[in-house]
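The values are calculated or read from the model by the stated rules, or taken from the named source; none is laboratory data. Since the structure is predicted, the reported quantities are computational estimates derived from the model, not experimental observations. Cβ coordinates were reconstructed from backbone atoms using ideal geometry, including for glycine residues, and neighbour counts include every protein chain displayed. To get the accessible areas, we keep the full protein, side chains included, count just its heavy atoms, and leave off ligands, DNA and RNA. Shrake-Rupley method; radii C 1.70, N 1.55, O 1.52, S 1.80 Å.
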Amino acid sequence: MITTEQTVRTFVEFFRERGHQLVSGESLVPPPGGSVLFTTSGMHPLTEYLMGRTHPQGRRLTNLQRCLRTTDLDEVGDDTHLTVFEMLGSWSLGDYGGSQSLRWGFELLRDGFGVDPGRMHVTVFGGDEHVGPDNQSWETWTELGVPVEPTVDENWWDNGPVGLCGPDSEIFVWTGPESPRGTPTTDERWVEVWNHVMMRYVRHSDGSLEALWRPGIDTGLGLERLVRILQGTRSVFEIDVFQPWMSTLPRLWGPLDEPSVRLLCDHLRSSIVVIGDGITPSTTGRGYVLRRLIRRVLTTLWRGDPTSTLSDLPIDLIEHTLEHFRQLGDPREIRTILLDEERKFGQLLQRGRQILSRPRFRESLSDSDYEYLRDTHGIPRDLVLHLLTESRRERY
């Protein structure tokens with residue numbers, strides 16, 4: 001069975017053999033002036049080069065980049081979504097075009113990773129009132145014998161209301177036990193693993209599109225999703241890099257249902273990586289995202305047993321995570337930060353329960369009540385809702 005490490009090596013070597021230079025993965029924290037709170041894809045550190053600046057390592061690049069996305073936070077615990085994950089990428093900075101990128105993607109999946117082409121399906125941009133259909137990608141996939149589904153919004157990539165954008169083609173692999181059926185938009189057992197973006201435009205603040213003088217190709221392949229498919233597991237939480245976590249936490253804090261174990265595994269692992277990149281819990285920005293992750297861990301943990309504590313977390317799990325993500329942080333310092341946040345959250349919960357027991361908060365809360373609790377007592381709305389739910393559960 002191919003390991004996660006072997007998967008990375010196979011991908012990187014494939015593209016290096018085709019003239020791509022390996023660029024180092026960056027921190028989760030974008031450079032100053034970046035448009036995103038965290039690095040959410042492999043292309044973010046390369047934005048200026050996709051815009052036209054010359055890259056010192058050439059026009060063909062490849063790398064492995066750790067990423068963090070909060071948009072899928074409520075979906076973490078299913079079979080495919082993670083908060084912190086790794087993305088394998090390849091780039092053409094004005095060199096080869098989209099058809100070549102798709103052909104190489106198909107070749108690597110089929111020959112390098114042994115994915116049966118009969119289990120592949122792709123989507124392409126079908127066109128809208130501004131840009132016509134991506135006929136080149138459609139024709140390429142048709143030549144390769146892979147079924148195509150056209151979409152509109154799902155196959156237009158952008159990084160916000162302004163900036164780089166263009167049509168994309170996504171490669172899906174069938175994960176069901178039976179023969180493939182349906183299409184990627186009609187059956188969720190088609191799992192997206194690789195997106196090829198044809199970076200052709202810049203969108204301006206007035207909504208107009210300007211063609212790039214040097215179009216590029218940006219691809220991103222979800223490492224954990226691909227490994228799940230290659231290892232034949234039911235979810236990303238069953239692949240090799242998660243095994244130390246998934247085998248330890250139920251013994252440590254069980255019994256826990258599967259969604260809870262998955263959330264604890266994901267959020268603790270993500271918190272370690274965020275702290276490893278120099279972020280500490282706070283009330284704003286990146287620090288607040290970290291604080292929210294840790295508090296979701298504690299809320300889930302204490303729902304099962306209020307006496308559970310992060311001090312039980314083995315140091316070797318922290319070491320394992322730092323090593324996997326190539327970080328140099330001190331595991332003991334990271335555990336100290338986690339325990340300090342646990343202490344603060346415990347105190348806040350205690351104070352919140354006392355405040356919400358007052359007569360004025362026994363009825364439905366207004367927006368001004370939520371503002372008062374946040375501004376005066378430091379209790380955010382989501383925590384108030386949690387405490388109210390907890391109180392109702394205890395009464396009934």
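Here's the yes/no breakdown for (1) open to solvent by 20 Å² or more (accessible area, probe 1.4 Å); (2) aliphatic (A, V, I, L, M):
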{"residue": "VAL8", "(1), (2)": "yes, yes"}
{"residue": "GLY42", "(1), (2)": "no, no"}
{"residue": "SER92", "(1), (2)": "no, no"}
{"residue": "TYR96", "(1), (2)": "yes, no"}
Could you grab the pairs with beta carbons closer than 6 Å, sequence gap of 6+ or different chains, first residue in the stretch 46-60 and within 18 Å of PRO32 (Cα to Cα), second one surrounded by fewer than 18 Cβ atoms within 10 Å (Cβ to Cβ)? TYR49/HIS55
Which condition number in (1) among the hydrophobic types (A, V, I, L, M, F, W, C); (2) open to solvent by 60 Å² or more (accessible area, probe 1.4 Å); (3) in a helix (DSSP H, G or I) is the one that LEU328 fails? (3)
Can you tell me which residue among HIS81, HIS55 is of a type outside the set (Asp, Glu), on the phi < 0 side of the Ramachandran plot and more than 19 Å from the chain's Cα centre (by Cα)? HIS55
For the stretch 59-71, give me the residue count where each residue is part of a loop (DSSP other than H, G, I, E, B) and closer than 17 Å to LEU221 by Cβ. 1
Restricting the search to the stretch 247-257, which residues are under 26 Å from GLU86 (Cα atoms) and open to solvent by less than 40 Å² (accessible area, probe 1.4 Å)? THR248, LEU249
Taking strands (runs of 3 or more DSSP E) that do not extend beyond the stretch 102-166, which have at least 2 residues that are over 29 Å from GLU13 (Cα atoms) and modelled with pLDDT of 95 or more? 148-151
If ASP79 meets every condition in (1) in contact (Cβ under 8 Å) with a residue 12 or more places away in the chain; (2) surrounded by fewer than 16 Cβ atoms within 10 Å (Cβ to Cβ); (3) over 24 Å from ARG9 (Cβ atoms) apart from one, which number is that one? (2)
Take THR54 and tell me if it is open to solvent by 70 Å² or more (accessible area, probe 1.4 Å), outside any strand (DSSP E or B), at pLDDT 90 or above and of a type in the set (S, T, N, Q). yes
Just the residues that are of a type in the set (S, T, N, Q) and either touching a Pro at 6+ places or on another chain (Cβ under 9 Å) or closer than 15 Å to GLU86 by Cβ (or both), please, taken from the stretch 258-270. SER270
Residues of the stretch 202-235 being among the hydroxyl-bearing types (Ser, Thr, Tyr) and free of Cβ contacts under 8 Å to residues at least 40 places away in the same chain, which ones? SER208, THR233
Which of (1) farther than 20 Å from ARG326 by Cβ; (2) in contact (Cβ under 8 Å) with a residue 12 or more places away in the chain; (3) open to solvent by 50 Å² or more (accessible area, probe 1.4 Å); (4) under 24 Å from the mean Cα position of the chain (by Cα) does GLU26 not meet, given it meets every other one? (1)
Within the stretch 373-390, of all residues that are more than 18 Å from THR284 (Cα to Cα) and either among the aromatic types (Phe, Trp, Tyr) or open to solvent by 40 Å² or more (accessible area, probe 1.4 Å) (or both), the one modelled with the highest pLDDT is LEU385
Which of the residues that make up the stretch 115-159 are over 20 Å from THR185 (Cβ atoms), under 25 Å from the mean Cα position of the chain (by Cα) and open to solvent by 30 Å² or more (accessible area, probe 1.4 Å)? ASN159
